[in-house]
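Notes follow once the structure below has been shown.
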Amino acid sequence: MGLFSRRSRTQKNLATNGTGTGTGADSSSINSEGSNLKSTSTINSRMLSRASAASASIPTTPLTPMSPQLPRVNLPKPPDPALDAAGYLRSLGAVRERSKIVTDKALKNKLNHFDVDLEKFPNVVTFVCGIIKRDYDPPFVSIPPHGRHQHFCVGGRDRVANLLATFEQTVEVAEKTRRLIDLFLVSVLLDAGAGTAWSFKSAENGRVYRRSEGLAIASLEMFKTGLFSGNPANKFQVDKDGLSKLTVEQLAKGMQSRPGNEVAGLEGRAQLLIRLGAALAEKPDVFGDDGRPGNIVDYLLAHPTTQASSTPIVLLPVLWNALMSGLAPIWPASRTAIDGVSLGDAWPCSSMPQRQQQQRASSTPGSPASSSSPTFSPFPPSSQGGGGGGNNRNSSSPGAGAPAAATAEWESILPFHKLTQWLTYSLMQPMQSLLKIQFAGTELLTGLPEYRNGGLFIDLGVLTLKKDDMERGLQNYADHGRRTGTKGVEVAPMFEPGDDVVVEWRGVTVGFLDKLLVEVNKALREQLQGGELTLAQLLEAGSWKGGREIAEVSRPNTKEPPILIDSDGTVF
């Protein structure tokens, strides 16, 4: 099949909003890819009744996260970094704002680890537009938002709809939503790169799946067995008791991980879920006394900022803050921290403004400073020229002709919060489709800085890894092969998630995805018939899929991205 050969458009006929009938045949193969609420055990009944009544008629076209025609809502501003640096770096708004510094350098071809050829950017636009037009008909309103749900639909079978159909008729819509959120949250946390050696054979149809789809099917089948539930009366849930009893061996069995079929980062994934159980127990105001992720629905509907309109409107920052605070304890203790506050998926980056008087923590370019305790650990100024800057949030270099203001420590850190953003995109879907909840502020979400989206720009020539970093990455690859006893089929540079190469790559990916959205909407203006694709739709139908497909062409044996990540199972 040619790269732009027209594929079967099962997307059009398959409801992907969590409520479709899912009648398509599965034809995939091994190559498929703070509130005053005391407890969330009870819900704001009037709000829920309104939401449940509105869900009586489910549309066949998926809702997009950018819900139209919302009344104007004032969103809370992120914390002032001068007063609360950790709070600011953990905010959603900080991701795009801080990534802009790296993106601005990329637009001037002044990155530390990549050469940038913007003349190749139109090739990315053409490639992505070709995929969108191949798989969807204009005006592209059938493109679902990017979310975990779509991975459950591999092969044209909507397994989420099938799951909903198995629930007893007495199960209320709110409980159905809680169950899907339970499933989606665990599934997203397990959705780090599985590695090239791993595949999963479904017990339901005997077919074999890999990568994200394989991880989705594996998590669904484990969920249906009750592996994550501590409630004998309801196996279709995830809760603190079920997760606290989880073992690495149980997860290995559930994911069919064994010699010759090892899933990457198995122990890291297991520990992540075990820590999730403890985190759920620590936040009964959000996750209820039984510690269920799905109880976040009750928390959101009862939150004082939720708008009392004909359908409930939830402020996205409220969902974001609940996830960030509620899930903070699950991240490894080695992650970057400020004043004892773990920042999660946020990393020192040499392309960010640097505090010039700080003590050099490492003499090896590209190696992030490390810390065994939760204290601030900035990246040292790079020998290739780290970023300068003042205390302005958007500064990237000292102003010419004037002395730069002192650079604060927090300014060298680049936040991404990829898994939390992936969770946010994914958890909104069942709440939108089942309870008709609308979200205000979804424009704050960014493109996901992961290897498919980022690999798209490398494989199509916009970004090229510099020679010294390429040599270091290839040496890392060789060392990894010797350490693990594996022999590479297609050699590629490899780095750890906190390596400065990866952090810079992810930062520019966030900015380039925003740029790509603008250019794709321009290129498809006529077909869009006055509409526009949302970023969530671009991620789903274009960039993520495009990154995977160009990887399959560039490295047909492994289908791996152009830069490999030595993953611990908690980032990618």
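The values are calculated or read from the model by the stated rules, or taken from the named source; none is laboratory data. All values reported here derive from a predicted model rather than from experimental measurement. In this analysis, Cβ positions are derived from the backbone assuming ideal geometry, glycine residues included, and neighbour counts consider all displayed protein chains. Quick note on the areas: whole protein, heavy atoms, side chains included, nothing else; ligands and nucleic acids left out. Shrake-Rupley method; radii C 1.70, N 1.55, O 1.52, S 1.80 Å.
Can you work out which of the residues in the range 278-323 that are in contact with a Lys or Arg (Cβ under 6 Å, 6 or more places away or on another chain) and either of a type in the set (Gly, Ala, Ser) or at pLDDT below 95 (or both) is farthest from GLY226 (Cα to Cα)? Top of the filtered list is THR311.
The combined condition, being part of a helix (DSSP H, G or I), more than 19 Å from LEU528 (Cα to Cα) and open to solvent by less than 10 Å² (accessible area, probe 1.4 Å), is not fulfilled by VAL154. ALA165 meets the stated requirement of being part of a helix (DSSP H, G or I), of a type in the set (A, V, I, L, M), closer than 22 Å to SER433 by Cα and open to solvent by 20 Å² or more (accessible area, probe 1.4 Å).
For the range 534-571, the set of residues classified as open to solvent by less than 10 Å² (accessible area, probe 1.4 Å) and part of a loop (DSSP other than H, G, I, E, B) consists of PRO561, ILE563, GLY569, THR570, VAL571, listed by residue number. Being surrounded by fewer than 17 Cβ atoms within 10 Å (Cβ to Cβ), at pLDDT below 95 and not in a loop (DSSP other than H, G, I, E, B) is a condition met by at least one residue of the range 36-48.
Within the range 441-468, the set of residues being open to solvent by 10 Å² or more (accessible area, probe 1.4 Å) and more than 19 Å from the chain's Cα centre (by Cα) comprises ILE458, ASP459, LEU460, GLY461, THR464, LEU465, LYS466, LYS467, ASP468. When THR484 is tested against (1) among the β-branched types (Val, Ile, Thr); (2) under 24 Å from the mean Cα position of the chain (by Cα); (3) surrounded by fewer than 23 Cβ atoms within 10 Å (Cβ to Cβ), exactly one condition is not met: (2). Considering the range 304-339, the residues that are open to solvent by less than 20 Å² (accessible area, probe 1.4 Å) and either among the acidic types (Asp, Glu) or assigned to a loop (DSSP other than H, G, I, E, B) (or both) include one that is farthest from PHE236 (Cα to Cα), namely THR336.
Of the conditions (1) crowded, with 17+ Cβ neighbours inside 10 Å; (2) at pLDDT 75 or above; (3) part of a loop (DSSP other than H, G, I, E, B), ARG275 clears all except one; give me its number. With (1) crowded, with 17+ Cβ neighbours inside 10 Å; (2) at pLDDT 75 or above; (3) part of a loop (DSSP other than H, G, I, E, B) applied to ARG275, the lone miss is (3).
For LEU564, the conditions (1) more than 25 Å from MET352 (Cα to Cα); (2) in contact with a Gly (Cβ under 9 Å, 6 or more places away or on another chain) are fulfilled apart from (1).
Scanning the range 240-284 for residues that are acidic (Asp, Glu) and touching a helix residue (DSSP H, G or I) at 6+ places or on another chain (Cβ under 7 Å) yields GLU267, GLU282.
Part of a loop (DSSP other than H, G, I, E, B), crowded, with 20+ Cβ neighbours inside 10 Å and at pLDDT 95 or above: is that true of GLY344 in this structure?
On the way: part of a loop (DSSP other than H, G, I, E, B): yes; crowded, with 20+ Cβ neighbours inside 10 Å: yes; at pLDDT 95 or above: no.
The answer is no for GLY344.
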